[in-house]
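The values are calculated or read from the model by the stated rules, or taken from the named source; none is laboratory data. Note that the coordinates shown come from a computational prediction; the quantities given were computed from them, not determined experimentally. Don't worry about glycine lacking a Cβ; one is built from the backbone with ideal geometry, like all the others, and counts go over all protein chains shown.
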Amino acid sequence: MNASTQHYTDILIIGSGVAGLSAALRLAPFHQVTILSKSSLSEGASYYAQGGIAAVFDNADSIESHVEDTLIAGAGICEKEAVEFIASNAKNCVQWLIDQGVLFDTEVTEAGETQYHLTREGGHSHRRILHHADATGKEVETTLVDLAFAHPNIHIKERYNAVDLILSNETDTTGSPRIVGAYVWNRQKEQVETISAKTIVLATGGAAKVYQYTTNPDISSGDGIAMAWRAGCRVANLEFNQFHPTCLFHPQARNFLLTEALRGEGAYLKRPDGSRFMPDHDDRGELAPRDVVALAIDHEMKRLGADCMYLDISHKPADFIKNHFPMIYAKLISLGLDLTKEPIPIVPAAHYTCGGVIVNQTGMTDVANLYAIGEVSYTGLHGANRMASNSLLECLVYGWSAAENIIRTINQIDEAPVLPEWDESRVHNSDEQVVIQHNWHELRLFMWDYMGIVRSTKRLERALRRIHLLQQEIHDYYANFRISNNLLELRNLVQVAELMVRCALERKESRGLHYTLDYPNLLEHSGPTVLKP
Ligand SMILES: Cc1cc2nc3c(=O)[nH]c(=O)nc-3n(C[C@H](O)[C@H](O)[C@H](O)COP(=O)(O)OP(=O)(O)OC[C@H]3O[C@@H](n4cnc5c(N)ncnc54)[C@H](O)[C@@H]3O)c2cc1C
């Protein structure tokens with residue numbers, strides 16, 4: 001049996017994407033911080049972000065307009081206060097990134113002045129996306145990773161999975177238990193260790209891996225949402241999964257995204273016969289919000305029985321395409337496709353989890369001293385649909401506001417007690433790993449089929465029945481066998497799948513990203529779907 005190990009830290013940040021790293025770097029001048037990352041430090045959705053970060057940098061633009069566009073994209077159920085909070089702190093937070101050394105593309109105006117080059121994406125009424133060519137996430141993430149590795153107050157644990165959160169036995173003045181630590185799985189040593197902490201920040205990203213087809217990396221398995229739910233936190237709006245309309249359709253590159261900025265710069269969506277179809281679906285054409293575009297592609301594919309649709313920017317000058325989209329151009333060339341000369345095959349794929357763990361404006365969850373920031377959280381920003389390039393922004397703004405609150409309050413928090421060790425005395429090694437493998441495939445396939453772009457009550461109920469069966473099997477397996485990465489992620493994904501389907505069943509209308517054949521219309525009065533453990 002592996003021996004358990006106890007660690008102590010004041011602040012534990014679980015996740016090293018833009019949310020986790022920006023919070024860590026804000027805290028590090030004042031406190032010791034431990035960061036946990038399931039994979040290498042840079043691996044996460046943040047690294048793969050292409051388009052950029054929304055913020056008002058143009059004098060012709062305004063915070064009011066950014067707020068207005070976000071509210072429209074969110075289909076009437078964004079929380080306006082949260083939207084205003086984020087939009088009004090956007091410029092400062094992006095400026096903080098610039099101060100950390102992040103390079104955004106610039107251009108020289110006719111008056112000879114250098115200014116940031118702003119691009120435009122679906123739903124935005126102005127050019128307001130700062131970007132680093134078409135690899136913004138990589139530039140931001142690698143800059144923050146380098147700073148984190150170099151900082152003496154930041155202690156990094158790579159290849160550690162947080163397994164579960166630990167709450168205090170006693171309750172605080174509000175009657176709730178507080179967070180005191182977490183069990184974590186050291187993947188290298190294959191042992192569970194215990195970390196006591198005064199404060200924990202969940203920055204674990206989204207859950208798009210619950211679907212068969214996704215643009216997300218492997219780490220996006222909803223761990224933070226599942227752990228917070230098990231710890232007693234409410235969640236909201238998990239029915240709203242954003243499907244990116246334009247994921248490359250190619251057998252050798254399943255997760256590769258073709259950024260929305262391509263459509264922002266004039267790319268057309270076409271049927272296999274070369275005709276455009278977006279004008280038949282929406283007046284905004286290719287610049288309609290993602291849900292409208294994804295639904296239109298899904299509709300055309302089903303109507304024509306086609307495997308894919310096409311994205312075509314070949315009518316633009318080749319130099320323009322290569323300069324604006326160098327990473328995409330190079331990737332496609334490596335796959336034998338030339339963006340400057342031909343239409344590129346695309347399909348929609350699960351991209352972003354709009355709902356998550358409910359937090360207040362400081363990123364605090366329902367459990368005292370437990371925060372959730374970035375894609376794991378529900379702040380109220382996205383409502384029923386996320387506007388492009390608002391999510392990295394949300395990571396930055398809540399990374400900052402959570403850090404500020406932790407700095408303000410941590411000295412009043414008692415030391416975490418000595419925690420009970422992980423008990424492995426009744427489990428043994430599994431000789432049936434195939435069960436996990438099978439359940440992984442089954443879950444992701446029926447979520448794609450029954451909880452995908454177009455839903456119905458019958459399909460959702462069918463999905464829930466299967467989820468309950470899987471939960472039973474996984475529970476038995478978890479109780480009897482030693483844990484592995486696949487088992488931990490599957491356990492979390494099944495939990496999140498259940499919450500997603502329950503949210504979808506509660507919504508008796510079609511709104512934003514949730515489209516159901518049984519309730520095709522909008523309700524007059526609507527709000528977020530909230531689930532309580
Ligand atoms: C291909 C792609 C392109 C995108 N383009 C844009 C864009 O242009 N603009 C924009 O605003 N948004 C974009 N998005 C969305 C945006 O990238 C994400 O919403 C954002 O990066 C999420 O950041 P995060 O810090 O919350 O999570 P992530 O960056 O996903 O990081 C999650 C971290 O948590 C860790 N983790 C997870 N579970 C555990 C666990 N159990 N234990 C320990 N560690 C754990 C992971 O290892 C990782 O370090 C894009 C997303 C994708 C996939």
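Out of (1) modelled with pLDDT of 90 or more; (2) in contact with a His (Cβ under 7 Å, 6 or more places away or on another chain); (3) within 16 Å of the ligand (Cβ to nearest atom), what's the single condition that is false for R290?
(1)
Does any residue of the range 422-439 turn out to be farther than 30 Å from I483 by Cα, more than 24 Å from the chain's Cα centre (by Cα) and exposed (fewer than 15 other Cβ atoms within 10 Å of the Cβ)?
Of the range 422-439, the ones farther than 30 Å from I483 by Cα are none.
Scanning the range 422-439 turns up no residue that is farther than 30 Å from I483 by Cα, more than 24 Å from the chain's Cα centre (by Cα) and exposed (fewer than 15 other Cβ atoms within 10 Å of the Cβ).
Just for the range 400-416: of the residues that are touching a strand residue (DSSP E or B) at 6+ places or on another chain (Cβ under 9 Å) and not charged (D, E, K, R), which one is modelled with the lowest pLDDT? Explain how you work it out, then say what you get.
Residues of the range 400-416 that are touching a strand residue (DSSP E or B) at 6+ places or on another chain (Cβ under 9 Å), as a first pass: 402-403, 405-406, 409-410, 413-416.
Keeping just the survivors that are not charged (D, E, K, R) gives 402-403, 405-406, 409-410, 413, 416.
Numbers: A402: 98, A403: 98, N405: 98, I406: 98, T409: 96, I410: 95, I413: 91, A416: 81.
Only one residue fits best here, namely A416.
Might you let me know whether the range 253-261 holds any residue that is over 30 Å from P420 (Cα atoms) and either at pLDDT 95 or above or of a type in the set (S, T, Y) (or both)? Even if it seems obvious, please write down each step before you answer.
Of the residues in the range 253-261, the ones over 30 Å from P420 (Cα atoms) are 253-261.
Within this subset, residues satisfying the condition of being either at pLDDT 95 or above or of a type in the set (S, T, Y) (or both) are 259.
Yes: one or more hits.
In the range 394-404, which residue that is over 12 Å from the mean Cα position of the chain (by Cα) and surrounded by 24 or more Cβ atoms within 10 Å (Cβ to Cβ) is nearest to T171 (Cα to Cα)?
Among residues in the range 394-404 that are over 12 Å from the mean Cα position of the chain (by Cα) and surrounded by 24 or more Cβ atoms within 10 Å (Cβ to Cβ), the one nearest to T171 (Cα to Cα) is A402.
Do we have any residue at all in the range 294-302 that's surrounded by 21 or more Cβ atoms within 10 Å (Cβ to Cβ) and within 15 Å of the ligand (Cβ to nearest atom)?
Looking for residues that are surrounded by 21 or more Cβ atoms within 10 Å (Cβ to Cβ) and within 15 Å of the ligand (Cβ to nearest atom), one finds at least one in the range 294-302, hence yes.
Of all the residues that make up the range 424-458, how many are part of a helix (DSSP H, G or I) and at pLDDT below 80? Lay out the reasoning, then the answer.
Initially, the range 424-458 is screened for residues part of a helix (DSSP H, G or I), giving 433-450, 457-458.
Applying the additional criterion that residues be at pLDDT below 80 yields 433.
Residues that pass the stated criteria total 1.
Going through the range 109-145 one residue at a time, which ones are in a helix (DSSP H, G or I) and within 12 Å of the ligand (Cβ to nearest atom)? Full working, then the answer.
To start, the set of residues in the range 109-145 that are in a helix (DSSP H, G or I) comprises 136-145.
Listed by number, the residues that qualify are T136, G137, K138, E139, V140, E141, L144, V145.
Among the residues of the range 259-299, write down those that are part of a loop (DSSP other than H, G, I, E, B) and of a type in the set (A, V, I, L, M).
In the first step, residues of the range 259-299 are kept if they are part of a loop (DSSP other than H, G, I, E, B); the result is 259-260, 265-267, 271-275, 277, 282-284, 288-289.
Hits for the range 259-299 are A267, A288.
From (1) away from the ligand (no atom under 16 Å from the Cβ); (2) surrounded by fewer than 21 Cβ atoms within 10 Å (Cβ to Cβ); (3) not hydrophobic (A, V, I, L, M, F, W, C), pick out the condition that doesn't hold for G512.
(2)
Only one of these conditions is not met by G266: (1) more than 13 Å from the ligand (Cβ to nearest atom); (2) surrounded by 24 or more Cβ atoms within 10 Å (Cβ to Cβ). Which number is it?
So the condition that G266 fails would be (2).
Among what's in the range 46-77 and is more than 20 Å from G264 (Cβ to Cβ) and touching a strand residue (DSSP E or B) at 6+ places or on another chain (Cβ under 8 Å), pick the residue that is surrounded by the most Cβ atoms within 10 Å (Cβ to Cβ).
A75
Checking the condition away from the ligand (no atom under 15 Å from the Cβ) and over 29 Å from E121 (Cα atoms), which residue from A28, A82 passes? Walk me through how you get there before you give the answer.
Values: A82 fails: over 29 Å from E121 (Cα atoms).
Selected residue: A28, the only one of A28, A82 that is away from the ligand (no atom under 15 Å from the Cβ) and over 29 Å from E121 (Cα atoms).
Suppose we filter the range 303-319 for residues that are at pLDDT 95 or above and either touching a Lys or Arg at 6+ places or on another chain (Cβ under 7 Å) or loosely packed, with under 15 Cβ neighbours inside 10 Å (or both); how many remain?
Quick first cut of the range 303-319, residues at pLDDT 95 or above only: 309-319.
Narrowing the set further to residues that are either touching a Lys or Arg at 6+ places or on another chain (Cβ under 7 Å) or loosely packed, with under 15 Cβ neighbours inside 10 Å (or both) leaves 309-310, 312, 314-315, 317-319.
Looking only at that region, the number is 8.
Determine if the range 516-530 includes at least one residue that is in contact with a strand residue (DSSP E or B) (Cβ under 7 Å, 6 or more places away or on another chain) and among the small types (G, A, S).
Yes, some residue in the range 516-530 is in contact with a strand residue (DSSP E or B) (Cβ under 7 Å, 6 or more places away or on another chain) and among the small types (G, A, S).
So for the range 209-225 (the condition being outside the structural domain of E442 (by the TED database) and modelled with pLDDT under 90), does at least one residue qualify?
Within the range 209-225, one or more residues are outside the structural domain of E442 (by the TED database) and modelled with pLDDT under 90.
Please enumerate the residues belonging to the range 127-151 that are without any contact (Cβ under 8 Å) to a residue 12 or more places away in the chain and more than 24 Å from the chain's Cα centre (by Cα).
Restricting attention to the range 127-151, the residues satisfying the condition of being without any contact (Cβ under 8 Å) to a residue 12 or more places away in the chain are 146, 150.
Of everything in the range 127-151, just one residue is without any contact (Cβ under 8 Å) to a residue 12 or more places away in the chain and more than 24 Å from the chain's Cα centre (by Cα), namely A150.
When the range 1-34 is examined, which residues are found to be within 18 Å of the chain's Cα centre (by Cα) and part of a strand (DSSP E or B)?
Restricting attention to the range 1-34, the residues satisfying the condition of being within 18 Å of the chain's Cα centre (by Cα) are 13-23.
Matches in the range 1-34: I13, I14.
How about the range 212-232: which of its residues are surrounded by fewer than 24 Cβ atoms within 10 Å (Cβ to Cβ), assigned to a loop (DSSP other than H, G, I, E, B) and at negative phi? If you could, list the steps in order and put the result at the bottom.
In the first step, residues of the range 212-232 are kept if they are surrounded by fewer than 24 Cβ atoms within 10 Å (Cβ to Cβ); the result is 212-213, 217-219, 229-232.
Applying the additional criterion that residues be assigned to a loop (DSSP other than H, G, I, E, B) yields 212-213, 217-219, 231-232.
Within the range 212-232, Q212, Y213, P217, D218, I219, A231 meet the criteria.
Here is a check on your reading of the model: is I407 away from the ligand (no atom under 16 Å from the Cβ) and under 27 Å from the mean Cα position of the chain (by Cα)? Lay out the reasoning, then the answer.
Working: away from the ligand (no atom under 16 Å from the Cβ): yes; under 27 Å from the mean Cα position of the chain (by Cα): yes.
In short, yes.
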